[in-house]
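The values are calculated or read from the model by the stated rules, or taken from the named source; none is laboratory data. Please read all numbers here as calculations on a predicted model, not as lab measurements. Virtual Cβ from ideal backbone geometry, glycine too; neighbours counted across all protein chains shown. Areas reflect the complete protein model, heavy atoms only, side chains present, ligands, DNA and RNA absent. Shrake-Rupley method; radii C 1.70, N 1.55, O 1.52, S 1.80 Å.
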Amino acid sequence: MKKAVLGGAAVATLLAALFAPEDEGSIVGPATATTRQVERVAPALLAATTATAVLQTNRALAIAPRRGPDDEEAATLFAKQSWQPDTPKKIMLDQQAAQATRAVAAVDANAPPPLPFQFLGRFVDEGKAAYFLQAGERNVVARPGDTLEERYRFDGVVQGALQFTYLPLNQKQTLAVGDLN
């Protein structure tokens with residue numbers, strides 16, 4: 001059965017080739033531009049070395065940049081929507097949430113940032129302790145009274161934790177290090 005179908009397809013192809021019309025230029029070839037089109041667009045293409053020239057080329061070729069939806073529109077596209085009016089309870093809860101957000105923002109404005117240090121170890125030489133800290137990618141040796149990162153002063157060890165003063169706000173911060181043997 002397969003051989004008969006393949007043989008029939010081969011015969012049909014051969015007959016189509018034999019009875020096809022002569023080449024009269026009606027066959028569509030690759031896309032070509034006319035001389036006038038090339039003369040009109042070529043100067044714009046040659047000048048497309050700067051951003052302004054690229055925009056001019058796009059205008060000459062009638063290419064419009066794709067525009068996306070506004071960010072606000074995209075953000076609310078799938079938001080929950082309701083035709084029900086807000087109840088007084090919902091309005092009150094929204095106002096309380098807004099007040100709480102403002103209160104947290106006010107507290108955070110007066111709070112120092114988290115300590116950028118990690119405790120690596122301690123070294124004691126002639127009774128004086130030095131502490132090895134890591135600040136980002138850098139290793140730092142700190143002794144009591146040293147200023148670190150231009151914003152922190154290392155005050156020393158208080159109750160098994162390293163104590164720092166955040167200088168811009170003059171607030172104390174501690175770094176728990178566990179047991180300092």
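Before moving on, here are some points about what is shown:
- Within region 126-155, being small (Gly, Ala, Ser) and surrounded by 14 or more Cβ atoms within 10 Å (Cβ to Cβ) holds for Ala129, Ala130, Ala135, Ala142.
- Looking across region 92-113 at every residue that is open to solvent by 60 Å² or more (accessible area, probe 1.4 Å), under 20 Å from Pro168 (Cα atoms) and not aliphatic (A, V, I, L, M), the one that is modelled with the highest pLDDT is identified as Asn110.
- Checking Tyr131 against (1) assigned to a helix (DSSP H, G or I); (2) touching a Lys or Arg at 6+ places or on another chain (Cβ under 7 Å); (3) of a type outside the set (A, V, I, L, M), the condition it does not meet: (1)
- Filtered residues of region 156-171 (kept if exposed (fewer than 13 other Cβ atoms within 10 Å of the Cβ) and assigned to a strand (DSSP E or B)): Val158, Gln171
- Restricting the first member to region 67-88 and to residues that are loosely packed, with under 10 Cβ neighbours inside 10 Å, and the second to residues that are at pLDDT 70 or above, the beta-carbon pairs closer than 8 Å and six or more apart or on different chains are Pro69/Leu77.
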